[in-house]
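Below is one structure, written out as structure tokens; comments come after it.
The values are calculated or read from the model by the stated rules, or taken from the named source; none is laboratory data. Small disclaimer: the values here were computed from a predicted structure and weren't measured. So basically every Cβ, Gly included, is an ideal-geometry build from the backbone, and we count neighbours across all protein chains shown. These area figures cover heavy atoms from the full protein model, side chains too; ligands, DNA and RNA do not enter into them. Shrake-Rupley method; radii C 1.70, N 1.55, O 1.52, S 1.80 Å.
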Amino acid sequence: MIERALTERTTNEQAATGIAIPGRKFPVGSKGHLASGWLGMLTLIATEATLFAYLLFSYFYLASHALGAWPPSGAPHLRIAVPGTLILIAGSVVMWWGERGIKRGKPGQLMIGLAAALVLGIAFLAMQGFEWSGEPFKLHTNVYSSLYFTITGFHMLHVIVGLLMLAVLLLWTAFGYFSADRHSAASIGVMYWHFVTIVWLAVFFTFYITPRLG
Amino acid sequence: MAVIETDRAPIIARATDDSPSSATLRQSWEGRPGVGGWLATVDHKEIGKRYVVTAFIFLIIGGLEALVMRAQLARPNQTLLTPEQYSQLFTMHGITMIFLYALPVLSGFSNYLWPLLLGSRDMAFPRLNALSYWVFLFAGIFLYSSFVVGKGPDDGWFNYVPYASLAYNPGPNIDVYALGMVLLGISTTVGSMNFIVTLAHTRAPGMSINRVPILVWGTLTASVGNLFAVPAVSLAFFMLWMDRQVGTHFFDSTAGGQPLLWQHLFWMFGHPWVYAIVLPAMGIVSDALPTFCRRPLVGYTAVALATVTTMVLGFGVWVHHMFASGLPILSLSFFGAASMVIVIPSAVAVFAWIATIWTGRPVFTAAFLYFAGFVLLFVIGGVSGFMTAAVPLDWQLTRTYFVVAHLHYVIIGINVFPVVGGVYYWFPKVTGRLMNEALGKWSFWVMFSGFNVAFFPMHILGLLGMPRRIYTYASGLGWGTTNLIVTIGAFVFATGILLFFINIFLSLKRGQPASANPWDAASLEWSTSSPPPAYNFAVIPIVASRYPLWEDRLDEGPERSSVGAGMLLDRGRETIGTTLLDAEPDVILKMPGDSYAPLLLALAMTAAFVALLLHSRWGFGIAAVVTVLTSIGWLWPERSLMQIETGHD
């Protein structure tokens, strides 16, 4: 379409002063999934997901070479991990609902979603911290404990980064920055938060479920 | 108060650098003068040049290290270096050449060239581009920080445990290497993200995916590879640092850890990385060689697919670095076979280059000589690689000079020769001056002969059983004469490189002024002036074929690209966003201005790594807080970028 308009117009005199292509407007700036940041976040998630894949590869590699029982102290209990998992999933659901709000021009709904996800995320962190303090082993006890604290620690770090994003987004929404037409930053942050949830499912499955499968 | 519309139909016009619109563009795109402007710039051309210059400085440092080692090995039983000094030298030589020269120099080429090749005004993320450069620079300095006080990394660039474990290497040597590599990984990763999004989103209208230059395919493939490979090595080095400083046991066999896990993680990264440092260089040849053969590249589609295939296969061959580590024979057979399969895409590319020369009318410029020389060296390096892909032969040859010969044929042959040829080719575009051709041909023949005299005899040394990484050898083993020849070749090769640098300095001052398209080449970067203006193109070109500037003579169809007329986009820093496959315009992208945030963020992250090295909790805490605050400031939504709706104010 552009080519046609151009070849039509550049042959005549109007081209010297410049003309707009009739009827073809494009959004200006960061709009929804057309923002470069959206694609940028997809690449970040790809490389971060790969990082977790290598972490879990290390877990399974070392588990497969273990001489004694694996995990040495028995499968970790589910009392805290299962509710924690449900809380993270709930956080993703409310975030999805909040994002849906801003797409329809309701910043209030986005703010409720962000605030609820923040509270749920902090609750998850607190439960993880509680679980950590109750473990019978320390980081340096053996290779399993090294893996356990490192991998869940990497995930907690991602939760913390995600919470920082949610907090900043909450502030920006309160400032009235986002509207139905412009809310790329919120969508990008929400996508990261979903990633943090999904990666937890892989970590949870690895540490809490696979020892119960054998 | 100019209100920015949320939607706009771009003005289509005919414009040159002298048009009034270009004065507006110049005002929007040119950075501030002075030191402040220099530190804050996000211009991809400026960043690209810095990448290339910095990488060349590391090339010189790594080259000098190699010459000192060759002086030590010239005769048996020499005592120029102690064993420890020799260990640090060969380790830093490897780290420097592989991590601080080979990829960064290609990132420099691509940073400079991509927006020009793609008909755009900048990379998708200009500030991220600046960040990747600064972090690269600081990581390079970090990696050298302990070497200058005599405590550099000393377990080889692949740094096997348990040599690199705390018990056997208690100094700061390995901690510097481990933390420095994690820091450098950040630079590589954000750079790769930037290339991928730039390709996906900022090509000129009409430049569909099957019309992008092969260099773009090469760098894109390398970037996707890096995205999936770099986490492995960053993680491995981080785990090693934790084992050494925090008390974990990942690689500690006394507590259930596995030293071989290091080798797996390192080579899962390492082999794709080999392709990351050669595929863009092969792209340089695929784009520049046809210019001097006066015809399009033979087999564009096959070469593009071969590029991608090489990387995909490259993720499945890492165990061929571990044939001698006692893995099950079935696994070795599989990885040996996979390694041999890589010959196929490599051969596709080689035959395409040969056919391009064969069926073209070659113009024997200095650049052409480098590209043709590269093809020969690639074949030799490829054949010796094929030999070591055979498991029994590898058992005989691994850890000997045969492998040293192979990897230098591959890395110097496929990286350095195309890079130097690429400098001869694009120098007039970057500086507005041509390089001296006569000196260029001299530098080629000195480099080429020196290279082969230095590295070909290493194959023989390897077959005679000389192990790599030994600081000296006894007389009477029959290695003395060959080593002397190798050392002479190394100094001749270095002389050739020196001639090349002399040529750069002379040509910068006195080179013949270059026109916009001195080689009569086909791609978009040659349609703008030499050197290009800050805004790259007075209008965004519209692309109708793979060779926009050769369409009239190729006459492959009625469609013609438009380089003089197109979208003006002169309201501040703007470029057009297009769709992934067909490059149909879909958004007007507002680009950020110059900023100190990238430099500040790079400094804060580097400070965090220094604090980790020094075990300073306070230092790390402060650096982490500055990192977070700078990131928030960087990402703060801006009205001028239309990240916030303008409203009606």
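Brief remarks follow.
- Against the test of being buried (at least 21 other Cβ atoms within 10 Å of the Cβ), within 14 Å of chain A (Cβ to nearest Cβ) and in a helix (DSSP H, G or I), the options B:Leu227, B:Leu260, B:Leu289 yield a single qualifying residue, B:Leu227.
- For the range B:390-435, a tally of residues being in contact with a strand residue (DSSP E or B) (Cβ under 9 Å, 6 or more places away or on another chain) and part of a helix (DSSP H, G or I) returns 3.
- Every listed requirement among (1) touching a residue at least 40 places away in the same chain (Cβ under 8 Å); (2) within 14 Å of chain A (Cβ to nearest Cβ); (3) surrounded by 15 or more Cβ atoms within 10 Å (Cβ to Cβ) is met by B:Thr627 save one, (1).
- Within the range B:249-271, residues that are touching a residue at least 60 places away in the same chain (Cβ under 8 Å) sit with their Cβ atoms under 8 Å from residues that are open to solvent by 10 Å² or more (accessible area, probe 1.4 Å) and of a type in the set (D, E, K, R), at 6+ positions apart or across chains, in these pairs: B:Phe251/B:Asp243; B:Asp252/B:Asp243.
- One residue from B:Ala232, B:Ala255, B:Ala276 being at pLDDT below 95 and aliphatic (A, V, I, L, M): B:Ala255
- Restricting B:Ala438, B:Ala405 to residues that are modelled with pLDDT of 95 or more, of a type in the set (A, V, I, L, M, F, W, C) and surrounded by fewer than 18 Cβ atoms within 10 Å (Cβ to Cβ) narrows the list to B:Ala438.
- For the range A:70-95, residues that are in a helix (DSSP H, G or I) and open to solvent by less than 60 Å² (accessible area, probe 1.4 Å) total 12.
- Filtered residues of the range B:456-470 (kept if under 30 Å from the mean Cα position of the chain (by Cα) and in contact (Cβ under 8 Å) with a residue 24 or more places away in the chain): B:Phe456, B:Pro457, B:Met458, B:His459, B:Gly462, B:Pro467, B:Arg468, B:Arg469
- Segments classed as helices (runs of 4 or more DSSP H), wholly inside the range A:142-214, with at least 2 members that are within 14 Å of another protein chain (Cβ to nearest Cβ): A:143-174, A:184-204
- Condition check for B:Ala521 on (1) open to solvent by less than 60 Å² (accessible area, probe 1.4 Å); (2) within 27 Å of B:Leu131 (Cα to Cα): one failure, at (2).
- Residue list for the range B:342-355, restricted to those being surrounded by fewer than 18 Cβ atoms within 10 Å (Cβ to Cβ) and closer than 16 Å to B:Val274 by Cα: B:Val343
- Some residue of the range B:550-565 being open to solvent by 20 Å² or more (accessible area, probe 1.4 Å) and among the aromatic types (Phe, Trp, Tyr): no
- Residue check for B:Ala521: of a type in the set (A, V, I, L, M, F, W, C), more than 25 Å from B:Gln27 (Cα to Cα) and not in a helix (DSSP H, G or I): yes
- Tally, over the range B:160-210, of residues that are outside any loop (DSSP other than H, G, I, E, B) and not polar (S, T, N, Q): 23
- For the range A:50-69, residues that are open to solvent by 40 Å² or more (accessible area, probe 1.4 Å) and touching a residue at least 24 places away in the same chain (Cβ under 8 Å) total 1.
- Subset of the range B:5-23 that is at the interface with chain A (Cβ under 7 Å from one of its Cβ atoms) and over 16 Å from B:Ile576 (Cβ atoms) - its residue that is modelled with the lowest pLDDT: B:Thr6
- Meets criteria (open to solvent by 10 Å² or more (accessible area, probe 1.4 Å), closer than 30 Å to B:Leu589 by Cβ and either part of a helix (DSSP H, G or I) or of a type in the set (A, V, I, L, M, F, W, C) (or both)) for B:Tyr144: no
- Hits in the range B:566-603 (condition: away from every other protein chain (no Cβ under 11 Å) and either free of Cβ contacts under 8 Å to residues at least 60 places away in the same chain or open to solvent by less than 10 Å² (accessible area, probe 1.4 Å) (or both)): B:Pro598, B:Leu600, B:Ala602
- The range B:16-64, subset touching a residue at least 60 places away in the same chain (Cβ under 8 Å) and acidic (Asp, Glu), residue surrounded by the most Cβ atoms within 10 Å (Cβ to Cβ): B:Asp43
- Taken over the range B:542-595, the residue count meeting the criterion of being of a type in the set (A, V, I, L, M, F, W, C) and not in a loop (DSSP other than H, G, I, E, B) is 11.
- Tally, over the range B:189-208, of residues that are facing another protein chain (nearest Cβ under 10 Å) and closer than 22 Å to B:Ala602 by Cβ: 9
- In the range A:36-52, residue nearest to B:Thr575 (Cα to Cα) [restricted to those that are facing chain B (nearest Cβ under 8 Å) and hydrophobic (A, V, I, L, M, F, W, C)]: A:Leu39
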